[in-house]
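Quick notes on the structure that follows.
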Amino acid sequence: MTPLIFDTDMGNDVDDALALAVLHSLQSRGACKLLAVTLTRVDPWSARFTDAVNTFYGRPETPIGVKRDGKPGDPSAYLKVAEKFPHRINPDRAPDAVELLRKTLQSQPDGSVAIAQVGFFSNLARLLDDPKDRELVQRKVKLLSIMAGAFATVDSNNHFCEYNVTQDIPAAQKLAQGWPTPIVWGGFEIGYALRYPVKSIEQDFSYVPAHPIPLAYKVYCQPGEERPCWDLASCLYAAQPDRDYFALSPPGQVTVEGDGFTRFTPKNGGRDRFLILDPVRKARVLEALVQLTSQPPQK
């Protein structure tokens, strides 16, 4: 069972919500243990919604860390779905995200923790500010799975600057330059090729009268829209990197350029790799994501 931290900008897109459902289902299957959720979106509703989902899945004790400095997120309607479900968190009293990251890593065995970062780079970049924390990361973290960047042409654009990077380019550059453990990047092209089927939203969650995941999806998406599974893919890899869901690039080094473009340079013994989704694996990965997202909570 992989000890795992989920670092997310919950509220900016609905795939963060689906990814959290995936992690809870993976925990129910014994694949991972969700140690904590840390938020990079400055919004008390991010914490409320996250707590509501954790509670719905029977894990209200899961710690949630918040980010208080920086520009508040634009209003996110789907986060208000939390009002329909039990939750207890007081965002004003929730721990700081970086403090929670530090505390969580300190409590785990060396070389054991996977981190799935699917939002902005601010929390993990701040964790590198203190040399002692960087050494802590080096000792405790075995894998950082990041949903960010682009490592293939996107809609004829071979210089695609991805959202999670462009929202805080200095933080992304800092992490890319200084993170001390292996990183696997899930580029924009991965989730873009995996569209969550509307039929699942309509049919697969009827085991309860009200479920926060399809409700959030319907608030965020247009009728009939099949949203890309960006964050879900990186979470799946973080928890089960040995299941052959994805191919990997050769090792190399990712640098973040001034405009937010992520450039990969092959390098023997390099820290970085990126996910590759081939046609043979695509159907299997999507089916796994659908089954995990819609899996009933463990009783």
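The values are calculated or read from the model by the stated rules, or taken from the named source; none is laboratory data. Just so you know, these numbers come straight off a predicted model, no measurement behind them. Don't worry about glycine lacking a Cβ; one is built from the backbone with ideal geometry, like all the others, and counts go over all protein chains shown.
Would you please name the residue that is farthest from Lys282 (Cα to Cα), looking only at residues in region 186-207 that are assigned to a loop (DSSP other than H, G, I, E, B) and in contact (Cβ under 8 Å) with a residue 12 or more places away in the chain?
Of everything passing the filter in region 186-207, Tyr207 is farthest from Lys282 (Cα to Cα).
This table checks each residue for (1) surrounded by fewer than 24 Cβ atoms within 10 Å (Cβ to Cβ); (2) among the hydrophobic types (A, V, I, L, M, F, W, C).
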{"site": "Ile146", "(1), (2)": "no, yes"}
{"site": "Gln173", "(1), (2)": "yes, no"}
{"site": "Gln177", "(1), (2)": "yes, no"}
{"site": "Pro180", "(1), (2)": "yes, no"}
{"site": "Glu202", "(1), (2)": "yes, no"}
{"site": "Tyr207", "(1), (2)": "yes, no"}
{"site": "Pro212", "(1), (2)": "no, no"}
{"site": "Gln222", "(1), (2)": "yes, no"}
{"site": "Cys229", "(1), (2)": "no, yes"}
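Can you run down the residue pairs with Cβ atoms below 9 Å, 6 or more apart or on separate chains, where the first is in region 149-161 and farther than 8 Å from Thr262 by Cα and buried (at least 16 other Cβ atoms within 10 Å of the Cβ) and the partner is of a type in the set (A, V, I, L, M) and modelled with pLDDT of 95 or more?
Phe160/Ala150; Phe160/Ala152; Phe160/Val154
Where residues in region 214-235 are in contact (Cβ under 8 Å) with a residue 24 or more places away in the chain and in a loop (DSSP other than H, G, I, E, B), which of them is nearest to the chain's Cα centre (by Cα)?
Cys229
Within region 282-299, take every residue that is among the basic types (Lys, Arg) and modelled with pLDDT of 95 or more and give me the one that is surrounded by the most Cβ atoms within 10 Å (Cβ to Cβ).
The selected residue is Lys282.
Kindly provide the set of residues from region 144-185 that are among the aliphatic types (A, V, I, L, M), within 29 Å of Asp110 (Cα to Cα) and outside any helix (DSSP H, G or I), ordered by number.
Of everything in region 144-185, those that are among the aliphatic types (A, V, I, L, M), within 29 Å of Asp110 (Cα to Cα) and outside any helix (DSSP H, G or I) turn out to be Leu144, Ile146, Met147, Ala148, Ile183, Val184.
Does region 277-289 contain at least one residue that is in a strand (DSSP E or B) and within 20 Å of Ser145 (Cβ to Cβ)?
no
Out of the residues in region 133-143 that are of a type outside the set (Val, Ile, Thr) and part of a strand (DSSP E or B), which is farthest from Phe6 (Cα to Cα)?
Lys142
Identify all residues within region 124-147 that are over 13 Å from the mean Cα position of the chain (by Cα) and under 18 Å from Glu162 (Cβ atoms); write none if there are none.
Ala125
Of (1) assigned to a loop (DSSP other than H, G, I, E, B); (2) surrounded by 13 or more Cβ atoms within 10 Å (Cβ to Cβ); (3) out of contact with any helix residue (DSSP H, G or I) (no Cβ under 6 Å at 6 or more places or on another chain); (4) without any contact (Cβ under 8 Å) to a residue 60 or more places away in the chain, Gly269 satisfies all except one. Which?
If we test Gly269 against (1) assigned to a loop (DSSP other than H, G, I, E, B); (2) surrounded by 13 or more Cβ atoms within 10 Å (Cβ to Cβ); (3) out of contact with any helix residue (DSSP H, G or I) (no Cβ under 6 Å at 6 or more places or on another chain); (4) without any contact (Cβ under 8 Å) to a residue 60 or more places away in the chain, just (2) comes out false.
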